[in-house]
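Some notes on the structure that comes next.
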Amino acid sequence: MKLLFVASEAFPLVKTGGLADVAGSLPAALAEEGVEVRLLLPAYQSVLESVSQAELVAELELAGTGIRILQTVLPGTDVVTWLLQHSNFSDRHGNPYHDAHGDPWPDNADRFMLLSRLAALISTEDTALGWRPDVLHCNDWHTAPAIALVHLSARRPLTVFTIHNLAHMGIFDRDTFNRLHLPQQLWDDGSMEFYGQCSFIKGGLVFADYITTVSPTYADEICRAPGGMGLEGLLSHRRDRLSGILNGIDSNVWDPGNDTHLEYVYDVESLDRKALNKSALQAAIGLEQVADRPLIGFIGRLAEQKGLELMLPVLEEILAIPAQLVLLGTGEAEYEHALGTLAVSNPGTMAVVLAYNETLAHRIEAAADIFLMPSLFEPCGLNQLYSLRYGTLPLVREVGGLADTVVDADAANLAAGSATGFMFREPDAAELLATVQRATALWHDGAAWKRMQLTAMQQDFSWQRSARRYLELYRSDN
Ligand code: ADP
């Protein structure tokens, strides 16, 4: 089986969020299941700078512009990776999607339509690559139009479209649609039209043979308001083709027993060593080196989605429990400012690092006792999965992938030995605080806590498990 997997980012070449983790891991896991995978990515300037060897394998004319396809291997895997080289991607520094001020690149529609067109071309024509897939798997709005284009072709592969986050839809104005010279029928039949504007994601949602999203609960949530964000009608119409497949984690990168970012590795046999990471982190980031209170961690984009509105009003009450807080993230200026101010007025008990820092992310996962993830919505979420593996018990809202992966420490689950974390339902700061109090109280019961940690660390969120689910879909009839 030949599979073309297309995404706008893939770890370790380029990463802004969870999509990169998926695109960096799933193709390799599918290759292990015997699938012949090709990964297609834009050759951003930073990607070209980081790949050591890339061979020019094709030069093509696409929608009136010349492109080059470079072949390399995704570092750390055997996955053959094609990079789309074009000045719009390759001659530009910085974030894949926006400029230094956070404003989207003005030519994003053109850039990602180019990526989509290339994916469609490889999938339907005999190109200089000498390779045509049986399955085209596209991810998020950047690559969704490829699915629409492929479905207008007489010769096409099976198509799968994965929603990693429905909040990003790729909406542009009508003039952009015209400028891109897309087939008029995609506008007229509504398949790329959304309330008078052009929607890239709809192209994938309308046409894909199979739609997946990254957790079963999120698959339900997007079929109704408000989770569907205006697309609930279309998604519930396609419910028979929509399923939720949980993301896995890269268990080599996120392994407390073999994590090169850590000063002290540990596993279920040596869980006591986790405390060494806590005191090392406390020292490194200016927290009091005390062992008598839990350390609560947060890592993520500082965006409304991640529950900042729930956290901010109660952070000082959490400190007063008493507990310590460490937060790592970048994002909206008002959240960065609010957190920075709180950290200044709570020295020694609250540390805030406003940066993107992989090493620190690993060290927080290893050091913290509790991981806070009170998201308003969460398609799958990765940090709670890393936390489980690191014995850092997640405290989450009961939404999306969080609801599917964390087992609340209620009386029944504690008695059954299945509890792995803490969950609350309403998007309400008081409920969050009460749940933190519940968790910190249990933390003082060392034996019960350790039992939960061991259960959490032994959960299987490997990519192999997820890859088999995707493989079942690829093997279905269209
Ligand atoms: P999302 O994709 O919505 O941002 P996920 O939990 O699915 O959220 O994935 C986020 C990924 O990005 C995780 O791997 C997380 O560790 C990482 N991450 C987010 N912010 C930071 C940061 N400031 N420093 C290091 N890693 C971060």
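The values are calculated or read from the model by the stated rules, or taken from the named source; none is laboratory data. Computed from a prediction, not measured in an experiment: that's the story for all the values here. Cβ coordinates were reconstructed from backbone atoms using ideal geometry, including for glycine residues, and neighbour counts include every protein chain displayed. Heads up: the accessible areas ignore ligands, DNA and RNA and are worked out on the full protein's heavy atoms, side chains in. Shrake-Rupley method; radii C 1.70, N 1.55, O 1.52, S 1.80 Å.
Where both bridge residues fall in the chain, DSSP classifies roughly 30% of the beta bridges as antiparallel. Residue order by solvent-accessible surface for S52, S476 is S52, S476, largest first, with ligands and nucleic acids left out and a 1.4 Å probe.
What's the magnitude of the charge dipole for the chain around its Cα centre, counting Lys and Arg as +1 and Asp and Glu as -1 at the beta-carbon? Answer in Debye, nearest 20.
Roughly 640 debye for the chain.
With a/c under 1.5 counting as rounded, go ahead and sort the range 1-128 into rounded, prolate or oblate using the C-alpha gyration tensor (a ≥ b ≥ c being the square roots of the eigenvalues; past the cut-off, prolate if a/b is larger than b/c, else oblate). In terms of gyration-tensor shape, oblate. Taking only alpha carbon atoms, the range 217-344 gives an Rg to Rh ratio of 1.08, where Rh is the Kirkwood radius.
Karplus-derived 3J(HN,Hα) values for the range 65-75, using 6.51 cos²θ - 1.76 cosθ + 1.60 with θ = phi - 60°, are 10, x, 10, 10, 10, 9, 10, 9, 10, 4, x Hz; glycine and proline are entered as x.
Once neighbouring chains are kept in place and the probe is 1.4 Å, which whole percent of the accessible area of the chain is contributed by carbon and sulfur?
On the chain, the fraction of accessible area on carbon and sulfur atoms equals 48 percent.
One Cα centroid belongs to the range 340-374, the other to the range 89-104; the line between them spans 27 Å. Amide H contacts of L62: I67, each under 5 Å away and 5 or more positions distant or on a separate chain (H built 1.01 Å from N in the peptide plane; Pro and chain starts excluded). Taking every protein chain into account, the 1.4 Å probe leaves D173 with about 80 Å² of accessible area, to the nearest ten.
Taking 0.36 nm per residue of separation and subtracting the Cα-Cα distance, full extension of the segment from D410 to R438 would add 9.1 nm. A simple rule links phi to the HN-Hα coupling: the Karplus curve 6.51 cos²θ - 1.76 cosθ + 1.60 with θ = phi - 60°, which for the range 89-101 gives 9, 8, 9, 9, 7, x, 5, x, 10, 9, 7, 5, 8 Hz, with x for Gly and Pro.
Angle of helix 18-32 to the longest C-alpha principal axis of the chain, folded into 0 to 90 degrees and rounded to 10: 70°.
Per residue, the range 268-457 exposes 36 Å² of accessible surface when a 1.4 Å probe is rolled over the protein heavy atoms with every protein chain present. In this structure, the amide hydrogen of F194, modeled 1.01 Å from its nitrogen in the peptide plane, lies closer than 5 angstrom to those of S199, counting only residues at least 5 positions away or on a different chain. Report D for the chain in µm² per second (integer): Stokes-Einstein, Kirkwood Rh on Cα pairs, 37 °C, 0.692 mPa s. My calculation gives 141 µm²/s for D. Placing unit charges on the Cβ atoms of the charged side chains and taking the dipole of the chain about its Cα centre, the candidate lying farthest along the positive direction among F207, L271, A100 is F207.
The listed peptides 140-150, 24-34, ordered by packing as a protection proxy, come out as 140-150, 24-34 (highest mean of other Cβ atoms within 10 Å first). The protection proxy used here, the mean number of other Cβ atoms lying within 10 Å of each residue, ranks peptides 179-190, 422-433 as follows, highest first: 422-433, 179-190. For the range 268-457, the Cβ-based charge dipole about the Cα centre amounts to some 640 debye (Lys, Arg positive; Asp, Glu negative; other atoms uncharged). With θ taken as phi - 60° and the Karplus curve 6.51 cos²θ - 1.76 cosθ + 1.60 applied, the whole-hertz 3J(HN,Hα) list for the range 149-160 is 5, 4, 6, 8, 9, 6, 10, 9, x, 5, 10, 10 Hz, x standing for glycine and proline. Put a dot 7 Å past each Cα toward the Cβ at S50 and V73; how far apart are the dots in nm? That separation, rounded to one decimal, is 1.8 nm.
Seen against the Cα atoms of the chain and their longest principal axis, helix 108-124 is set at about 60 degrees. Separation of the range 381-417 and the range 321-338, taken as the distance between their Cα centroids, equals 22 angstrom.
Each listed q (0.15 Å⁻¹) maps to a log10 I(q)/I(0) for the range 196-268 from the Debye sum over equal C-alpha point scatterers, namely -0.61. For the chain, the longest principal axis of the Cα atoms and the long axis of helix 463-474 meet at an angle of about 30 degrees.
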